């Protein structure tokens, strides 16, 4: 870091005020005092602008329309995912303190606290449409870690996903039948597998006369639909007050006359309220959940329900009655995201719940196809096979 930059930073810190472009430029001119060369002044302006404005050196990566994730693991290790897996970039920071300052500034922009007393943060940068997670040393043993997830408005419907290869013709036809029959859907998959993208596309296929109410931790769902009410949870502020949890929003959504209640992702006790809602006449609902395969879904849901105080037997009973269809998304090694399987939930003889594949991308029709055909027929929808 050049002496000029250090002097400018000290001046701005002493002033304790504005750090916008005009203030930074004025401070550079004052500290240069006519001694520094034009190139030095321009370099100082560029460095300080990156430090005080936007996401600093990460801004070009975030502005790329293909970017889904930007990860910083060290001053000289910045990674980006543009839809084909993580790639290392030439972007670097001057040093570890520069990474820490950026993390703290982004946390402040998200209304959160990030310091030695509170060394990690999970926040939402609404203006940028970015979800922030950051961890400071010594919790992050190798230095400040920053993770940015870019959340973009829905750009794909089911037809577009088919053109992109995420669905084949049979998969699209099955999904349209499931939406038309108002079957409750659980979209599962690993991190970055395309769960939210698929859910957005499904909601865009809902009859325009229906009212959708979505509940999310982070604002990701923006379906192409004329009647959507979107509720977003709010974390506690720096003083530890003002938080609105996801579980409370699920309860509030039930009072808003939803034709379809949608939870962006269930991560905890809110699964209990969602299942209760879907069992009281709110059919056609949907949610996403982290699970690496359809076989893992009952166990995953059981673990989440336990956080809400629901016993395993009650969870299995509620799940079997509330959710009919499971959609499994998978991310291939080449970065492509595809619909891997469509399953139906069934009650086992021992009272538990398991998932029977009705269709898989590799094998086509599965043992659960007859059950899915029966559910579609009961709801007046002609099965696609």
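Taken together, the values in this text are just the output of simple stated rules run on the coordinates, not laboratory data. Worth saying up front: this structure is predicted, and the values here are computed from it rather than measured.
So what's the gap between the Cα centers of region 306-334 and region 66-85, to the nearest angstrom?
Each part reduced to its Cα centre gives a spacing of 31 Å.
What angle, in degrees between 0 and 90 and rounded to the nearest 10, separates the Cα long axis of helix 369-378 from the longest principal axis of the Cα atoms of the chain?
The two axes meet at around 80 degrees.
Can you tell me what the convex hull of the Cα atoms of region 217-288 projects to on average, as an area in nm²? Please list the in-between numbers first.
Numbers: hull surface 21.0 nm².
Mean projected area of the Cα convex hull: 5.2 nm².
Could you work out which residue, out of 140, 358, 205, moves most in a Gaussian network model of the chain, that is, has the largest mean-square fluctuation with Cα springs under 10 Å?
Among 140, 358, 205, the largest GNM mean-square fluctuation belongs to 140.
Could you tell me, in Å, what Rg and Dmax come out for the Cα atoms of region 54-152?
Every Cα atom of region 54-152 included, Rg and Dmax give 12.4, 37 Å.
Where is the GNM fluctuation largest for the chain (alpha-carbon springs, 10 angstrom cutoff): 281, 306, 352?
Between 281, 306, 352, it is 281 that shows the largest mean-square fluctuation.
With 24 Å as the cut-off, how large is the P(r) tail for region 111-205, expressed as percent of Cα-Cα pairs?
Every Cα pair in region 111-205 considered, those over 24 Å come to 43 percent.
If you take every DSSP beta bridge fully contained in the chain, what fraction is antiparallel? Give it as a percent rounded to 5.
Antiparallel: roughly 70 percent of the beta bridges in the chain.
Given springs between every Cα pair under 10 Å in a Gaussian network model of the chain, which of 28, 80, 72 has the largest fluctuation?
Evaluated over the chain, the most mobile residue of the options is 28.
Could you tell me the relative contact order of the chain? Use alpha-carbon pairs under 8 Å, at least six residues apart, and round to a whole percent. Don't jump to the answer; show the numbers that get you there.
Working: 723 pairs, mean separation 46.0, N = 385.
Answer for the chain is 12 percent.
Using only helices, what value at 222 nm comes out for the chain when you add -39,500 (n - 2.57) per DSSP H run of length 4 or more and divide by the total residues, to the nearest 500 deg cm²/dmol? Working shown, then result.
On the way: 13 runs with 137 residues, N = 385.
When only DSSP H runs of four or more count, the value is -10500 deg cm²/dmol.
May I ask for the equivalent-ellipsoid semi-axes of region 158-379, computed as the square root of five times each C-alpha gyration tensor eigenvalue and listed largest first in whole Å?
Details: eigenvalues 131, 85, 62 Å².
Semi-axes, largest first: 26, 21, 18 Å.
Using alpha carbons only, how many angstrom separate the centre of region 222-245 from the centre of region 106-125?
18
Quote the convex hull volume per residue of region 155-203, based on C-alpha atoms, as a whole number of Å³.
Values: hull volume 3.7 nm³, N = 49.
Hull volume normalised by residue count: 75 Å³.
Using only the Cα atoms of the chain, construct the convex hull and provide its projected area averaged over every direction, in square nanometres to one decimal. All intermediate terms of the calculation are to be shown ahead of the outcome.
On the way: hull surface 87.1 nm².
About 21.8 nm², averaged over all directions.
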